[in-house]
Each structure stands twice: as structure tokens, then as C-alpha cells.
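This report concerns only the one structure given below.
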Amino acid sequence: MESIYFREGHHYSYQDLKKSFCIDSDENLKKQINILKQYGVLKAVQIEKPEYVDLSDQDIVIGEIPSYSSDFVYQFSFVGVVLLGKNVIICYPKYIDNEEKPFKKMQTVIQVIEKINSKEQFVHLYNGDEESKIFNRLAISLYILKDYFENGLYTNQQEIITINGDGETLWDKTISESFAYIKNNTPYYLDYYSIDNTENDFDYIKRLHAVIVSKCSRELNTQNLLELFNIQGVEITDETLDSLGDLDYVKYRLDREIKNQFVTKKQNLLKTLFTYVAENSSNETEDSFSLFGTNAFHVVWEKVCAELFENMYAKNWTINQFAEKGLIEKCYLNNENKSKKLSDYIEIPEWHLHENYSVTTKYDGDLIPDIVTLKKNISGNTAMYILDGKYYLLETEGKKLQGNPGIQDVVKQYVYNSALKSFIDNFKIGEIANVFLIPKVESDTSDNPKYADVPYWSMQKNTFNELPTLQVIKLNPNSVWESYLKNQPINPEIWDSIKTTPTKNYLYHNESDNSFSFIQDYQKHILVGFLRQDYFNAIKDQKEFYFYFYATNLEQNFRFPLHPYIDFCKEFIGFTSDKNQFLRGKLELLSCDRCRIDEFEKLKLEELLKPIYTKSNSNAATYYVLKVKNVTISDKPYDGINNFNELSKLINKNGLNQVLYKYSPKVIDI
């Protein structure tokens, strides 16, 4: 039987389908088209709708289309195999654009779908809902054959007691019922009782199983599907279903065996055999319909991407695991956070009711990123990768863009980026990447992976300009499937192709006043902080000291803002109220070359300062703490900055300093 191939998302006219199905009658063709539409395999759209893009409910034409109309076309929104009457329909993924009958590639796609389905541990016995459900013979046949190759024919073992058998010895029965020879006060039993398992090779259910397995194999062989599904043909018996009795008798024997069988795996097989027998006649009509595959192949792409790119969010990695792998600094690990997960650092959205503003209603659902993982980037720094597998075919022709991620997809990725800000700040994640992972078409012979920089400039300039530009990486699907089926990690070259950018404290200021300006790479960022005179006197002769300032107030419902570029500062300038002497030093840095900022409660801070400073610090609940080393005292703030007035001008020049608390440290750029 010759298979008919269709490309997912391609436009086919009514006449195209008529020619492919080899149906002369319009009535019969329309009947088969309606069946395919009913079960979501085929959809009718207006001809102006672009090919290979996602369809919304508004795009789909529900009613019947006249055969003579040229305003509408059909699209297959399914990947897999469909048996419709005498036709074997193979729908291949839309990224395959250089073959009309990609048999070998469909073998791989089928294996991927099977592997994903295997995790669900159930069989789709029927297609459709209760009102229009139809027996899925193909899925049942595949299940029966694969179960046979894994477990063999059905066996119904019975336990019997034998004399001198190979099973476990029944010593109580042997001692009480067998004759013993005594020698040197030791009994010897020449005969003993044992318990053994026996099988009946002529068991009715075993014969029935053999008949059905052989029948399934013959049918798939006739349809040329054994090779596609990588199944070996098998002919166990010449018996037929009719030789085992009429339908009611076969169903009676299966029902009785199900009630007496308590092994779950065997029960599932028996129930599947029962369904096969009960629905056997439904495959004999001209409009019989069954399938194997999915009309949501985008979910397949998303799940495989999540698996290959090690989705640490979904795998519930703890902070301790990140630290053990060297992905975050162990200095940030403590008893309170070591068992926390990424999800614990994503704030749950809330609804605040205006009618009664004292009531806060939690949003029903969490922000769940598709893929989040931490990994050392090509420079050896820890980077956070926020990834999303998108089954889009991105095409650019001149100034025309087609198949690009939609506005909701883009906004969602930016929201995930923002929602993970707490984790990024707490553990000083130095770099970040936000990426769409899409398949590239087969005709694209460029190196794998292919980087396609398609930023949403208007949105980034006006709203999300502090977040990294969204990247699009085109992956070779065949390489992706191969890694997934072999349980291998994704090619390291793909990780290296993803561009990571430095993180910023982008949530600590409001940009509505347009005060923000991007800091050029060549500029040096220096932290400037106020020091109480008594504290200055205590530390001026020290080589290193702790600079501290407010983090949260006593009620702990307000957090003092930080300058977005404080992490990039490597030097410190301290001044007192007299503004005549200045303390200069180097800030302690993390391995990622960022300024180390800790947060301590009041008592812990006092314990830290006790050797040189004992004054109580009771004005805040928690404090930010930075360590300053190589301390020197000078009458000038810095080289080229001669007095406090010049320092003050540099402070005011950076607009973000204006939104900080009066005594919070400021950042100057030199």
C-alpha cells in the first residue's frame, strides 16, 4: 500500500487532496475531509493566511468549503501517521522543506514522539470526545506489538506442589509428611516437597494473544508501516479469531481473566486485547480512521528542548546544588537558603482590590519559566540562561518578517527575566541570556547552530531597555532529535553560540524621568559613601574595614534602593560631614569580578564591627555590607578630583543617584 505524504502547515487546494487521495467522487472526498477536520488533523483557512504559522481560532474556517472555491486552502496541523479508509497518510514536520517523501526522517520523528508518549504510561484507545469518539486501531496495534516484543506472550502461571522440584523447598510439609533417615542424630530426606510455577502452553488467552499479535503484524506490513515504526514482523500462529469462538465468547473469556488477574501490567494488556476484539469490525468500513502522532508538535519541540538544555527550574535544583556545582559562590550559602529552589525566589503576583485595599488576593497560578539553567559560559563565568523552545519557522525576505515569536511570547520572556531578579541579586549572577530556540529548515545548510539576531527594538528602547536583547537560535532538528534519543547533552557549540550579557540591578529605579543613561564600557564606576565621624575615626588607621548602609527599615516592609551599577564598582571613596578628609580603598570582589554585597541583620553586623566599633546601630532591620581593603586617607577624593565640590558634581551628573536615599552610597563614573 503506497503512503501519501503531506507537509505540516503547507497549503493544499481541494484538487490537490482529490488527486492525492485518488478519489473521483466529491461526496466521498468531502466525507474524508470532514473526518480529518473533525479530529484536528486538517484545517481550512483563507488563502491569504501565510503557510507554516500558528493558527488562531479566528483563522480556521468551520463550515464546508465549495469544491470550486479558490479563496480557501487546507493545512495539515498534525505530525504522524493517519489511516483513513484505504489511505495511509504520513504528515511530516514543517521544517522539512527539501524532500517530498522523507521516510527516514519520519522514522526518527516517530521515535521521538514514542519516547515522549512512553512517559505518560497509557494508550489512547479512542480518538475524539464521548460524542464523536472513534476506535484508534493503529495506536492499539502498535501497543500490542511493542508489548509482545518486551514481555512475550501472555502467560498464566499456576503454583503447584511437586516432589523433588526445582522451586522453593517447603520444609514444614517435608518434615511432617516425608520419611527421614537419621544418621548421627541428623535427619536426611531423600524426597522433599517444593513449590513450582507451571505454564499451560495451550492456555486460551495465550492462544488469543498470539492470534492478535500476528494479525496486527500482518496489517501493519500490508500498510508498509512496520519499517516506519521500526518493528519486526512476526507470525506466531495460523489460527484466526473466528477459530477461537464467536465475539461474545471471546469477550467473556477475556472479561473473566481480567477479574482473576491482579498484576497491573497484565491487566492493562488484557483490557487492550478486549478493546481490540470488541472494536475489530470498525476497521472494515471505508471511512475507518485511526492515527498515531500529535496535532501539538510544538509541545514535542518544547519538551525536547527542556530536556536537552537541562531545565534546572523544572528539576527543582536547590541553592546547595548550585553551590556544589560551583555555579554560585558558597559564601552566599546559609542554613536558611541552602534548601530553597529557584521557584522560591519568584514573587507570586497579587491582586490588590481597590474597593477594600486592605485585602490582598493571591494570583491563582505561578510564573513558570519554560527553561531556566545556570551554566559556565564561554568566558568561564556563571550565566543564567532563560530559554524557550518555540516551534516557529522564522523567515526574512527583504524587509518582510514571518514566523517570528508573537508579542505575548516576547513579553513573557521579559517578565520571566524580571521575576528572576531576586535570585540574580541574591547570588550575584554575573551574566544572563534570554533566548528563543527554534528549528531551522532542512534547506538551510549553514552551520549548526545558526544565530539569528531578531531583537524587538521598539519594545527594548521604550520599556525593557535594561534587559538583555532577546536572541533567536536556529537549531538543526535532526541533531536535536539524535541527542534526545541517545540521552546525550546538547552540543557544547550551541551553548557557546548563545551571547551572555552582564546583569544589572534594573528593578531599583523608575525610568519614567528619563534620567537613566547607559554607562559606556570604558568608564570606571566608583562607589561613594558617607561615613559617620566616629566610625571614620575608628577605621582610619585600619588596612580594611566594613562599609555598611541601610537595606530594610525596622518594619521590614520597605527596602532601600541600590544604584543599578553598584555591582560594577571596584573602588570606594568615603567622606564625613566635614568633607575635608577622604578615605579611599578597593572593594572586595567575587570570582566573577563583581563587587561583593552581603546583607546582615542588626545583631550580626554589630558582632562583625565589635573589634573596632561598639556603637549600637539600631535604625534599620538589615544592612548592606561591603568590605573595603587597602585603605588610605587623603585630602583629595580621587586623582583628578580635588575637593568635595568636584566630587558632588560627579554625583549629581549620574541621574540615578537622585532617586536613592540620602545616606545610601552613590556611584560616580570616571
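The values are calculated or read from the model by the stated rules, or taken from the named source; none is laboratory data. These figures come from a predicted structure and were not determined experimentally. Cβ atoms come from the backbone with ideal geometry, glycine included; neighbour counts cover every protein chain shown. Remember, those area values only see protein heavy atoms, side chains included, never the ligands or the DNA or RNA. Shrake-Rupley method; radii C 1.70, N 1.55, O 1.52, S 1.80 Å.
Just a few scattered comments:
- The lone exception for Arg207 - which of (1) among the charged types (D, E, K, R); (2) farther than 30 Å from Gln107 by Cβ; (3) modelled with pLDDT of 85 or more; (4) open to solvent by less than 70 Å² (accessible area, probe 1.4 Å) it fails: (4)
- Hey, Asp534 under 23 Å from Thr382 (Cα atoms) and of a type in the set (Asp, Glu) or not: no
Residue-by-condition table, conditions (1) under 13 Å from Val528 (Cα atoms); (2) in contact with a helix residue (DSSP H, G or I) (Cβ under 9 Å, 6 or more places away or on another chain); (3) crowded, with 18+ Cβ neighbours inside 10 Å:
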residue	(1), (2), (3)
Ile573	yes, yes, yes
Ser577	no, yes, no
Lys586	yes, no, no
Arg596	no, yes, yes
Glu599	no, yes, no
Lys604	no, no, no
Lys615	no, yes, no
Ser634	no, no, no
Leu650	yes, no, yes
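- Cβ-Cβ contacts under 6 Å between residues 6 or more apart (or on different chains), taken from a first residue in region 137-166 that is in contact (Cβ under 8 Å) with a residue 24 or more places away in the chain to a second residue that is among the aromatic types (Phe, Trp, Tyr) and in a helix (DSSP H, G or I), are listed as Ile140/Tyr276.
- Taken over region 617-632, the residue count meeting the criterion of being open to solvent by 30 Å² or more (accessible area, probe 1.4 Å) and either not in a strand (DSSP E or B) or not charged (D, E, K, R) (or both) is 4.
- Test for Asn334: is it surrounded by fewer than 18 Cβ atoms within 10 Å (Cβ to Cβ), in contact (Cβ under 8 Å) with a residue 24 or more places away in the chain and either in contact with a strand residue (DSSP E or B) (Cβ under 9 Å, 6 or more places away or on another chain) or not in a helix (DSSP H, G or I) (or both): no
- The criterion of at least 2 residues that are open to solvent by 30 Å² or more (accessible area, probe 1.4 Å) and modelled with pLDDT under 90 is met by the following strands (runs of 3 or more DSSP E) wholly inside region 395-492: 395-397, 400-402, 450-452.
- Any hit, region 50-68, residues being closer than 21 Å to Ile134 by Cβ and of a type in the set (Phe, Trp, Tyr): no
- When the test is whether a residue is surrounded by fewer than 13 Cβ atoms within 10 Å (Cβ to Cβ), at pLDDT below 80 and of a type outside the set (A, V, I, L, M, F, W, C), Glu350 passes it.
- Here Ile47 fulfils each of the conditions (1) over 30 Å from the mean Cα position of the chain (by Cα); (2) at positive phi apart from (2).
- Flag if Leu270 is at pLDDT 90 or above, open to solvent by less than 50 Å² (accessible area, probe 1.4 Å), in a helix (DSSP H, G or I) and under 14 Å from Asn156 (Cα atoms): yes
- Leading residue by the ranking (most open to solvent (accessible area, probe 1.4 Å)) among those in region 1-11 that are part of a loop (DSSP other than H, G, I, E, B) and charged (D, E, K, R): Glu2
- When region 543-577 is filtered for residues that are of a type in the set (D, E, K, R), at pLDDT below 85 and more than 36 Å from the chain's Cα centre (by Cα), only Glu555 remains.
- Residues of region 524-548 that turn out to be assigned to a strand (DSSP E or B) and over 14 Å from Ile633 (Cα atoms), as a count: 9
- Criterion (within 20 Å of Tyr154 (Cα to Cα) and free of Cβ contacts under 8 Å to residues at least 12 places away in the same chain) met by exactly one of Tyr276, Tyr252: Tyr252
- Counting only residues that are open to solvent by 90 Å² or more (accessible area, probe 1.4 Å) and on the phi > 0 side of the Ramachandran plot, region 147-190 holds 2 of them.
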